[in-house]
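K.L.:
A single structure is presented below for examination.
The values are calculated or read from the model by the stated rules, or taken from the named source; none is laboratory data. Remember, predicted model here, so these are calculated numbers, not experimental data. Every residue, glycine among them, receives a Cβ derived from its backbone with ideal geometry; neighbour counts consider all protein chains shown.
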Amino acid sequence: MFGTPTPLQSEANLGIMKEDHVNIILHGHEPVLSEMIVAASQTKDMLDYAKEKGANGIQLGGICCTANEILQRHGVPPAGTFLQQELAIITGACDAMVVDVQCVFQALANVAKCFHTKLITTHPIAKMEQDNVIHIEFDEHHAMEDAVKIVRMAIDNFTKRGADVVIPPYKETQIAGFSVESIKYHLGGTFRGTYYTLNDNIINGRIRGLAGVVGCNNARTKHNEEHIMLVKELIKNDVLVLSTGCSALACGTHGLLTPETAAVYCGPGLAEVCETVGIPPVLHLGSCVDNSRILLAATEVVKAGGLGNDLRDLPAAGSAPEWMSEKAIAIGQYFVASGVYVVFGYHMPLDGAPVFKNHLYNELEGIYGGKWDCEPDPIKHAHKIIAHIDKKRKELGIDKARERVLMDMADRQALGME
Ligand code: SF4
């Protein structure tokens, strides 16, 4: 609906909020109204109105996957993950928080009550009972009017800030907005866009394999720790990471989404590829509902050839190290049923059902080629993925380093390649 994203530069973390600007935080999962708020906040009328009220501009920021939606298409910087939604309000600088559906804390209204923040719900199923919450139900027939109303409300609220504004001065640069199409372009250029360059580097071993690391933040672990330890261990072992959701937001706030990261954290093979092509070792592919992009990219890898005939043959795996949403289970099963080995972190509530657990962890592999697994320790989690990748490399016969042979014309003709 809103077009295929293309890579762009932005920033991440609470430090994107600005003390001298009207700060509007967009939170939830549906990009429809937030697209309109992005448009409304850039109009001359709104910018003039903000100046009239003493602000130097309007700063938008995102939380959760609405953050990823407006990041990947407009470069709006995310203020944080699922677990940072209350923190955005307690900066004292959040003039309005607009929420739609899913991952919205029940306590948000109570936190907003302690500050000047206007909390605005926009979807009937996200309505809250507390009297400080304003409900402006989104309707596509008057989307722009609703967006203008919300932006104006935030501007009016700028003058009501308390004295204690504390915005943590931390933010990182990030490159986000990768898609199936842009990976093709980055690897082959406009005229020779192809996934074969990626396959070639997997076959020659510079890239050991692929891992889709996705999903939520879990309040039962230290913020972002499982994501970051896992991703660093994977890229250190030459595994290219494709990321979405709060996992991608975590990687952004920890500075893992820039091409320069490769020289610091990657194994030599992956670092060489990232440096040559100019991509980060962790590719941000969108929100948690964009996981289909990871499977489509994997399908392109199969189609490009040389790595088997099906997703189940690829040296690849999926992971949700801090999952907490039921939706993560559905997405995980979608990957397993597509032939992917999927490892969840933290805990799977299966110990009371050993027969079913065996079905998910073992028997499914015989049906789909993919199966479930669980490993709470992020380093062991990474090595389960790496062991699976190495098993697939062996099955494909690409587990041994090969001498590079420079071929002359006669050699090429002998192979039937003119
Ligand atoms: S990744 Fe999980 S926590 Fe984050 S926005 Fe999506 S469902 Fe919510």
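K.L.:
Go through the stretch 155-179 and report how many residues are out of contact with any strand residue (DSSP E or B) (no Cβ under 9 Å at 6 or more places or on another chain) and surrounded by 19 or more Cβ atoms within 10 Å (Cβ to Cβ).
P.N.:
1
K.L.:
For the stretch 9-47, how many residues meet the condition of being part of a strand (DSSP E or B) and not acidic (Asp, Glu)?
P.N.:
Residues meeting the conditions: 10.
K.L.:
Next question. Which pairs turn up if I take residues in the stretch 274-288 that are more than 13 Å from Gly177 (Cβ to Cβ) and look for partners that are of a type in the set (Phe, Trp, Tyr) with beta carbon separation below 9 Å, at least 6 apart in sequence or on another chain?
P.N.:
Here the result reads Pro281/Tyr265, each pair linking the stretch 274-288 to a residue that is of a type in the set (Phe, Trp, Tyr).
K.L.:
Out of the stretch 293-302, which residues are within 16 Å of the ligand (Cβ to nearest atom) and either surrounded by fewer than 24 Cβ atoms within 10 Å (Cβ to Cβ) or not in a helix (DSSP H, G or I) (or both)?
P.N.:
Answer for the stretch 293-302, where residues must be within 16 Å of the ligand (Cβ to nearest atom) and either surrounded by fewer than 24 Cβ atoms within 10 Å (Cβ to Cβ) or not in a helix (DSSP H, G or I) (or both): just Arg293.
K.L.:
Between a first residue in the stretch 304-328 that is in a strand (DSSP E or B) and a second residue that is of a type in the set (Ser, Thr, Tyr) and within 16 Å of the ligand (Cβ to nearest atom), which pairs have beta carbons less than 8 Å apart while being 6 or more apart in sequence or on different chains?
P.N.:
Cβ pairs passing all conditions: Ala320/Ser247.
K.L.:
Out of (1) within 13 Å of the ligand (Cβ to nearest atom); (2) part of a helix (DSSP H, G or I); (3) buried (at least 24 other Cβ atoms within 10 Å of the Cβ); (4) touching a residue at least 60 places away in the same chain (Cβ under 8 Å), what's the single condition that is false for Gly332?
P.N.:
The one condition Gly332 does not meet is (4).
K.L.:
Here's another thing I want to ask about it. Just give me the residues in the stretch 335-349 being touching a strand residue (DSSP E or B) at 6+ places or on another chain (Cβ under 8 Å) and surrounded by fewer than 16 Cβ atoms within 10 Å (Cβ to Cβ), in sequence order.
P.N.:
Across the stretch 335-349, the qualifying residue is only His347.
K.L.:
Of all residues in the stretch 233-278, how many are more than 16 Å from the ligand (Cβ to nearest atom) and touching a Phe, Trp or Tyr at 6+ places or on another chain (Cβ under 8 Å)?
P.N.:
Going through the stretch 233-278 one residue at a time, the tally reaches 3.
For (1) under 22 Å from Glu11 (Cα atoms); (2) outside the structural domain of Ile386 (by TED's automatic domain parsing); (3) polar (S, T, N, Q), each residue gets a yes or a no:
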{"position": "Val165", "(1), (2), (3)": "yes, yes, no"}
{"position": "Gly188", "(1), (2), (3)": "no, no, no"}
{"position": "Tyr195", "(1), (2), (3)": "no, no, no"}
{"position": "Asn204", "(1), (2), (3)": "no, no, yes"}
{"position": "Arg208", "(1), (2), (3)": "no, no, no"}
{"position": "Ala211", "(1), (2), (3)": "no, no, no"}
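K.L.:
Whether any residue in the stretch 361-374 is outside any helix (DSSP H, G or I), more than 26 Å from Ala219 (Cβ to Cβ) and of a type in the set (A, V, I, L, M) is what I want to check.
P.N.:
No, the stretch 361-374 contains no residue that is outside any helix (DSSP H, G or I), more than 26 Å from Ala219 (Cβ to Cβ) and of a type in the set (A, V, I, L, M).
K.L.:
Looking at (1) surrounded by 15 or more Cβ atoms within 10 Å (Cβ to Cβ); (2) not hydroxyl-bearing (Ser, Thr, Tyr); (3) not in a helix (DSSP H, G or I), which one does Lys392 not meet, given that it meets all the others?
P.N.:
Result: Lys392 fails condition (3) only.
K.L.:
Still on this structure, I have one more. Of all the helices (runs of 4 or more DSSP H) wholly in the stretch 238-277, which have at least 1 residues that are outside the structural domain of Gln84 (by TED's automatic domain parsing) and under 9 Å from the mean Cα position of the chain (by Cα)?
P.N.:
Answer list for the stretch 238-277: 245-253.
K.L.:
Could you give me the residue pairs with C-beta distances under 6 Å whose first residue belongs to the stretch 97-126 and is within 15 Å of the ligand (Cβ to nearest atom), whose second residue is aromatic (Phe, Trp, Tyr) and part of a helix (DSSP H, G or I) wherever it lies, and which are 6+ apart or on separate chains?
P.N.:
Taking only residues 6 or more apart or on different chains, the pairs are Cys103/Phe82.
K.L.:
While we're looking at this one, here's another question. Consider Asp290 carefully, then state whether it is surrounded by fewer than 20 Cβ atoms within 10 Å (Cβ to Cβ), on the phi < 0 side of the Ramachandran plot and either among the charged types (D, E, K, R) or in contact with a Cys (Cβ under 6 Å, 6 or more places away or on another chain) (or both).
P.N.:
Answer is no for this residue.
K.L.:
Which of the residues that make up the stretch 48-82 are surrounded by fewer than 23 Cβ atoms within 10 Å (Cβ to Cβ), assigned to a loop (DSSP other than H, G, I, E, B) and within 18 Å of the chain's Cα centre (by Cα)?
P.N.:
Gly75
K.L.:
State whether the residues of the stretch 200-218 include one that is within 16 Å of the ligand (Cβ to nearest atom), in a helix (DSSP H, G or I) and surrounded by fewer than 24 Cβ atoms within 10 Å (Cβ to Cβ).
P.N.:
No, every residue in the stretch 200-218 fails to be within 16 Å of the ligand (Cβ to nearest atom), in a helix (DSSP H, G or I) and surrounded by fewer than 24 Cβ atoms within 10 Å (Cβ to Cβ).
K.L.:
Could you list, in sequence order, all residues of the stretch 335-360 that are assigned to a helix (DSSP H, G or I) and of a type in the set (D, E, K, R)?
P.N.:
Lys357 - this is the single residue of the stretch 335-360 that is assigned to a helix (DSSP H, G or I) and of a type in the set (D, E, K, R).
K.L.:
Another question, then. Identify all residues within the stretch 222-232 that are part of a loop (DSSP other than H, G, I, E, B) and within 13 Å of the ligand (Cβ to nearest atom); write none if there are none.
P.N.:
Those that are part of a loop (DSSP other than H, G, I, E, B) and within 13 Å of the ligand (Cβ to nearest atom): His223, Asn224.
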